[in-house]
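Below: the structure, in structure tokens.
Only the coordinates and a few stated rules stand behind these numbers; no lab work does. Small disclaimer: the values here were computed from a predicted structure and weren't measured. For neighbour counting, all protein chains shown are included, and Cβ atoms are generated from backbone atoms with ideal geometry for every residue, glycine included.
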Amino acid sequence: MMTTETGAAADPVHLGDSASSIMNKVQEITGEIPQKQLTVEDLRRMSEPVKRLVEAGRVVAVKRLVEAGRVLAVKEDQDGRRSARITLQDGQLYLHPLLRQPTPAHAHTLQESEVVGVLEPSCTLAFLDLGWAGSTRGRVTIRLTRDTPLARQFVLLCTGQRGHTYRNTKLLEVWYKGEQRECVVGGDYESNDGKGGAPLLPDLQGQYRRSGRAGTVRARYETWRPRSAQFAILTMDRQDGYQWPDVFGDVVSGLDVVRAAVNHSDITEVTVVDCGVVLPL
């Protein structure tokens, strides 16, 4: 209640319905987000026009949480709990692979199934961060061919949804170094020596493109082979008209990083230090 200068009682000032606390109103105005209240929709709003001041405050708060590394996608199953970082770079949201790792203090978590739910069928961008000589050298972004089994398998191995991931795998060898058909191969998530890389999906056969352009990403082995999770990236345009089969993606940025890796003294010292996908929110 408030009183006027004459001492008369003024009408009550309501902060909202009786179920709302003052703290909730403060959080609404400032954009602060209580734990367990972050949603996938909050991430989506980061890329949409904001119409109200309250919405703007919440968008800013979500962005700050992501930039501080306090937003994780989590998955719990019979093998325990794993979590994946969600990061923001150059206006793009990235989902990193599920790992067994400590959860940061005051972290906000989303169910991995909810986050991954926005990937299909529009997830077309994956990334590999390559590094050697003790440092990360750059990010390779790959646009995947939609609705192909090899592309779906690549997403699984970039996100770790099935427990396996390309993270910490090394590049295996360079074919035809210095020639027009030069390419680099990798993707042995099992033994990391070229002898593994079993498929994660029961049937990888499908309708695939053929291409001989630099940046082409294809299966190293035929889709029916037991090591068909391994991949190859063509680094030069083929001038002889030949086109590689089983193409499921193209490098859209970072081809210079791949070429620098090829020119490193020992290709097996080049590792995929991180990987993941771009969230199409």
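Counting only residues 5 or more places away or on other chains, whose amide H sits under 5 Å from the amide H of G276 once H atoms are built in the peptide plane?
Amide H neighbours of G276, under 5 Å, 5+ apart: F127.
Take the Cα atoms of segment 228-281, build their convex hull, and give its volume per residue in Å³.
Here the figure is 144 Å³ per residue.
State the Kirkwood hydrodynamic radius of segment 143-241 in Å, one decimal place, computed from all pairs of distinct Cα atoms.
Taking the inverse mean of 1/r over all distinct Cα pairs, segment 143-241 comes out at 13.9 Å.
Note down the net charge around D256, summing +1 for each Lys or Arg and -1 for each Asp or Glu among other residues with Cβ under 13 Å from its Cβ.
+3
Residue farthest toward the positive end of the dipole of segment 183-281, with Cβ of Lys/Arg at +1 and Asp/Glu at -1: which of Q243, V270, V185?
Result: Q243.
Report the Stokes-Einstein translational diffusion coefficient (µm² s⁻¹, integer) for segment 182-281, Rh taken as the Kirkwood radius over Cα pairs, at 25 °C with viscosity 0.890 mPa s.
My calculation gives 169 µm²/s for D.
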